[in-house]
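J.: Take a look at this one; I'll ask things after.
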Amino acid sequence: MIPLLGALALSPAFAQDGRAGGKLMLTNGVTTIEGSSGGGISTWALIAGNETTDGVGGSLHVSGIVLPDFRFASYGAAVGLEDRLELSYARQSLDTRAVGGRLGIGRGTTLDQDVFGAKMRLAGDAVYGSPYLPQIAVGMQYKHNLDAPIAAAVGARHASGTDFYIAATKLLLRQSILVGATARYTKANQNGLLGFGGDAGKARTLQCEATLGYQVSRRLLVGGEYRSKPDNLRFAREDDWATAYVAYGIGKNLTATAAYVDLGSIATADRQRGGFLSLQAAF
């Protein structure tokens, strides 16, 4: 769960790296833990793939996070249609290791979830156009927890749920700064891996996500992300997430992202801080 880190090494300098008829290098972002285009833990208004307004593109990703008490993995794919519509899928897995034994669900039990997403760009452009108008998109993510009995046992009210969000993203070319903000309407516990709603709160709440990045060189972006979280389960508090990331464009079609992540308390295990690594291939 995590948090990936985001990445867009965008600036006029990238024009010479742009694929003919396609987006400039890295201007489709990387892939979040939920499969959408963006950073590691925050969804951005960008559309997956290298396509422009007259094409079809897509991406594949694999990500992993190593924490003191957990191991997390995500893989999936996304399709971008005419830089307007994004459809995505991700499979998430959380290895509970020794925490599973303490919770009575079995040491090393893996919690799995499927995430299906759709995003539509409404207005603006993240790179071009007015510097005062960001790219704006709305989207939804349907999350289906594959371990319903465990979700119910920890106090969750549902095994499936849908998040709704609106995102704004802009690259300030002159300053080489990327900024983004997202408002998410959700009731997911630990991103949905512990179900939805709970004995401490069952309704959706409005949560925020933010990213700030600085382009160090033509291929390198550094920055950080933040994501607030609901807190619906009495047995264990849920903390906000934060990351510090480095994203590197290996080539026109391959991006590597590494990050330090702080996910706070997860399922009674405090201080879950560790490393994140993700690879994305885009076309």
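J.: Just need a number here: residues in the range 142-155 that are within 20 Å of Gly117 (Cα to Cα) and in contact with a Phe, Trp or Tyr (Cβ under 7 Å, 6 or more places away or on another chain).
T.: Final tally of qualifying residues: 1.
J.: Another question about this same structure. So which of Gly264, Gly224, Gly275 is of a type outside the set (S, T, N, Q) and not in a strand (DSSP E or B)? Step through it out loud before you land on a result.
T.: Values: Gly224 fails: not in a strand (DSSP E or B); Gly275 fails: not in a strand (DSSP E or B).
None of the other options fit; the residue is Gly264.
J.: Could you please let me know if Leu26 is closer than 19 Å to Phe116 by Cα, at pLDDT below 95 and part of a loop (DSSP other than H, G, I, E, B)? Break it down into steps so the answer makes sense when it comes.
T.: Values: closer than 19 Å to Phe116 by Cα: no; at pLDDT below 95: yes; part of a loop (DSSP other than H, G, I, E, B): yes.
Here the answer is no, as Leu26 does not meet what is asked.
J.: Of Arg107, Arg121, which residue is among the basic types (Lys, Arg) and in a strand (DSSP E or B)?
T.: Values: Arg107 fails: in a strand (DSSP E or B).
Just a single option satisfies the conditions, and that option is Arg121.
J.: Next question. Which condition from (1) aliphatic (A, V, I, L, M); (2) part of a strand (DSSP E or B); (3) over 28 Å from Gly274 (Cα atoms) is the one that Leu133 breaks?
T.: For Leu133, the exception is condition (2).
J.: Filter the range 216-228 for residues that are surrounded by fewer than 24 Cβ atoms within 10 Å (Cβ to Cβ) and out of contact with any Cys (no Cβ under 7 Å at 6 or more places or on another chain) and give the result. Reasoning before the result, please.
T.: Within the range 216-228, the subset surrounded by fewer than 24 Cβ atoms within 10 Å (Cβ to Cβ) is 216-220, 222, 224, 226, 228.
Selection gives Val216, Ser217, Arg218, Arg219, Leu220, Val222, Gly224, Tyr226.
J.: State all residues of the range 108-136 that are modelled with pLDDT under 90 and either of a type outside the set (Gly, Ala, Ser) or buried (at least 16 other Cβ atoms within 10 Å of the Cβ) (or both); if no residue qualifies, say none. Working first, answer last.
T.: Going through the range 108-136, the residues modelled with pLDDT under 90 turn out to be 108, 127-132.
Those that are modelled with pLDDT under 90 and either of a type outside the set (Gly, Ala, Ser) or buried (at least 16 other Cβ atoms within 10 Å of the Cβ) (or both): Val127, Tyr128, Pro131, Tyr132.
J.: Go through (1) without any contact (Cβ under 8 Å) to a residue 40 or more places away in the chain; (2) under 25 Å from Gly274 (Cα atoms); (3) buried (at least 17 other Cβ atoms within 10 Å of the Cβ) one by one and return the number of the condition Arg91 breaks.
T.: Arg91 satisfies all of (1) without any contact (Cβ under 8 Å) to a residue 40 or more places away in the chain; (2) under 25 Å from Gly274 (Cα atoms); (3) buried (at least 17 other Cβ atoms within 10 Å of the Cβ) except (3).
J.: Taking the range 139-173 only, how many residues are touching a residue at least 40 places away in the same chain (Cβ under 8 Å), closer than 18 Å to Ala183 by Cβ and in contact with a helix residue (DSSP H, G or I) (Cβ under 7 Å, 6 or more places away or on another chain)?
T.: The total comes to 1.
J.: Sticking with this structure for a sec: Just need a number here: residues in the range 163-218 that are under 30 Å from Tyr132 (Cα atoms) and not in a loop (DSSP other than H, G, I, E, B).
T.: Counting residues in the range 163-218 that are under 30 Å from Tyr132 (Cα atoms) and not in a loop (DSSP other than H, G, I, E, B) gives 31.
J.: Just give me the residues in the range 93-141 being of a type in the set (Ser, Thr, Tyr) and farther than 18 Å from Ala153 by Cα, in sequence order.
T.: Residues of the range 93-141 of a type in the set (Ser, Thr, Tyr): 93, 96, 109-110, 128, 130, 132.
Answer for the range 93-141, where residues must be of a type in the set (Ser, Thr, Tyr) and farther than 18 Å from Ala153 by Cα: Ser93, Tyr128, Ser130, Tyr132.
J.: Given Ala267, Ala259, Ala247, which one is within 16 Å of the chain's Cα centre (by Cα) and modelled with pLDDT under 95?
T.: Numbers: Ala267 fails: within 16 Å of the chain's Cα centre (by Cα); Ala259 fails: modelled with pLDDT under 95.
Result: Ala247 is the single residue among Ala267, Ala259, Ala247 that is within 16 Å of the chain's Cα centre (by Cα) and modelled with pLDDT under 95.
J.: So, one more: For Ala259, state whether it is within 15 Å of Arg273 (Cα to Cα) and of a type in the set (Gly, Ala, Ser). Can you show your working first?
T.: On the way: within 15 Å of Arg273 (Cα to Cα): yes; of a type in the set (Gly, Ala, Ser): yes.
Yes.
J.: OK, next. Report the residue count in the range 186-223 for those that are in contact with a Lys or Arg (Cβ under 9 Å, 6 or more places away or on another chain) and under 20 Å from Leu172 (Cβ atoms).
T.: 2
J.: Cβ-Cβ below 6 Å, separation at least six or inter-chain, first residue in the range 256-283 and farther than 30 Å from Lys23 by Cα and without any contact (Cβ under 8 Å) to a residue 60 or more places away in the chain, second among the hydrophobic types (A, V, I, L, M, F, W, C) and assigned to a loop (DSSP other than H, G, I, E, B): which pairs?
T.: Filtered contacts from the range 256-283: no entries.
J.: Ser37 - would you say it is out of contact with any Asp or Glu (no Cβ under 9 Å at 6 or more places or on another chain) and of a type in the set (S, T, N, Q)? Please lay out each step first, then the result.
T.: Working: out of contact with any Asp or Glu (no Cβ under 9 Å at 6 or more places or on another chain): no; of a type in the set (S, T, N, Q): yes.
Judged against the criteria, Ser37 is not a match.
J.: Looking at the range 175-184, is at least one residue at pLDDT below 95 and of a type in the set (D, E, K, R)? Explain how you work it out, then say what you get.
T.: Step one: list which residues in the range 175-184 are at pLDDT below 95, which gives 175-178.
Imposing the further condition that a residue be of a type in the set (D, E, K, R) reduces the set to none.
No.
The values are calculated or read from the model by the stated rules, or taken from the named source; none is laboratory data. Treat the numbers as computed from the prediction; the structure is a model and nothing was measured. When we count neighbours, we look across all protein chains shown, and the Cβ atoms used for this are built from the backbone with ideal geometry, even at glycine.
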